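Okay, structure first, notes after.
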Amino acid sequence: EPEVTQTPSHQVTQMGQEVILRCVPISNHLYFYWYRQILGQKVEFLVSFYNNEISEKSEIFDDQFSVERPDGSNFTLKIRSTKLEDSAMYFCASSQRQTGGQPQHFGDGTRLSIL
Amino acid sequence: AQSVTQPDIHITVSEGASLELRCNYSYGATPYLFWYVQSPGQGLQLLLKYFSGDTLVQGIKGFEAEFKRSQSSFNLRKPSVHWSDAAEYFCAVGGNTDKLIFGTGTRLQVFP
C-alpha cells in the first residue's frame with residue numbers, strides 16, 4: 001500500500017537555526033498537509049497546500065513557517081528561525097481530495113528537537 | 001467552536017475483553033469523522049471513517065464505530081482486544097475545509 005514518507009525521522013537543531021522537514025506524499029494525491037504534536041498534547045493543524053499554493057493555515061503557521069513543493073514529489077516545511085517551543089513531532093499528510101471527500105494519510109513524523 | 005472531546009485519557013483492559021473508546025464532537029456543519037491509531041514511534045494510521053450513510057462503520061483490525069448524531073458521538077468499539085492493540089487512539093472531525101480537528105487521544109493499555 002502506498003504511504004507518505006518523511007525525512008529525517010529525528011532532527012536536532014540549535015535555537016535560531018533554520019530547519020527543513022521533508023515529505024513525499026502519496027503519488028496520486030493532490031492535497032498536502034502539515035500537522036504538529038507537541039509532546040503530551042493533541043495533534044494540531046498547521047497548513048494545507050493545493051495546486052502550488054496554501055489553501056488554509058492555522059494561527060500557529062506564522063511568518064517563520066513556509067511550505068513548498070519544489071518538484072513533483074516532495075513537499076517541505078521550513079521553519080526559518082527555530083524557537084524552543086517549536087520542539088514537536090511534525091506530521092505530513094496527503095489526500096486525493098479535500099477532507100470531505102477522502103481521508104488524509106499520515107507519515108510517521110519527524111521529531112524536531114530545538115536546543 | 002469546532003472541537004473533539006475524548007473523555008478518557010487512559011484506559012486499561014485485559015486481553016480478550018471488549019473495548020469502547022468515547023468521542024464527542026462539536027461541529028457546525030455535516031461532520032466527517034475519523035479514528036486514527038498511533039503506535040509508539042509511529043505515525044497516524046487510519047482505522048475507519050464516517051462520511052455518510054450507514055451509521056455503523058467497520059474498520060481495519062476488527063474495529064467498528066457508531067455515529068450517533070443525536071449524541072454528537074462517534075465511539076470506537078472492538079469486541080475482543082488483542083495485546084497488539086495497545087496504542088494511542090485519536091478521534092478527529094473534518095468537513096468541507098482542509099483541516100482535521102483532533103481530540104487529545106486515549107492511551108490504551110492491554111494486560112495479558
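Could we say that B:Leu56 is hydrophobic (A, V, I, L, M, F, W, C), more than 24 Å from A:Ser55 (Cα to Cα) and within 14 Å of the chain's Cα centre (by Cα) here?
In short, yes.
Quick one: which residue in A:Phe45, A:Phe61 is assigned to a strand (DSSP E or B) and either of a type outside the set (Lys, Arg) or free of Cβ contacts under 8 Å to residues at least 12 places away in the same chain (or both)?
Residue meeting the stated conditions: A:Phe45.
For segment A:73-100, give me each residue that is in contact (Cβ under 8 Å) with a residue 60 or more places away in the chain, within 14 Å of A:Leu39 (Cβ to Cβ) and either assigned to a loop (DSSP other than H, G, I, E, B) or facing chain B (nearest Cβ under 9 Å) (or both).
A:Phe91
Being closer than 19 Å to A:Leu39 by Cα, of a type outside the set (Gly, Ala, Ser) and not in a strand (DSSP E or B) is true for just one of B:Thr104, B:Thr97. Which residue is that?
Going through B:Thr104, B:Thr97 in turn, just one is closer than 19 Å to A:Leu39 by Cα, of a type outside the set (Gly, Ala, Ser) and not in a strand (DSSP E or B): B:Thr104.
Search segment B:38-64 for residues being buried (at least 16 other Cβ atoms within 10 Å of the Cβ) and in contact (Cβ under 8 Å) with a residue 40 or more places away in the chain, and hand back the single one that is farthest from A:Gln102 (Cα to Cα).
Ranking the qualifying residues of segment B:38-64, first place goes to B:Gln38.
So which of A:Pro70, A:Pro103 ends up being surrounded by 15 or more Cβ atoms within 10 Å (Cβ to Cβ) and either at the interface with another protein chain (Cβ under 9 Å from one of its Cβ atoms) or not in a strand (DSSP E or B) (or both)?
On inspection, the qualifying residue turns out to be A:Pro103.
Give the residues of segment B:73-112 that are surrounded by fewer than 16 Cβ atoms within 10 Å (Cβ to Cβ), touching a Phe, Trp or Tyr at 6+ places or on another chain (Cβ under 9 Å) and not basic (Lys, Arg), sorted by residue number.
B:Trp83, B:Asn96, B:Phe111, B:Pro112
Would you tally the residues in segment B:1-28 being among the aliphatic types (A, V, I, L, M), over 20 Å from B:Lys61 (Cα atoms) and crowded, with 17+ Cβ neighbours inside 10 Å?
Residues in segment B:1-28 being among the aliphatic types (A, V, I, L, M), over 20 Å from B:Lys61 (Cα atoms) and crowded, with 17+ Cβ neighbours inside 10 Å: 1 in total.
Counting residues that are of a type in the set (Val, Ile, Thr) and closer than 23 Å to A:His105 by Cα, which strands (runs of 3 or more DSSP E) fully inside segment B:1-79 reach at least 1?
B:3-5, B:32-38, B:56-58
Read-outs throughout are calculated quantities, based only on the coordinates presented, and are distinct from any laboratory measurement. Computed from a predicted model, the values in this text were never measured in an experiment. Reconstructed Cβ throughout: ideal geometry from the backbone, glycine too, with neighbour counts over all protein chains shown.
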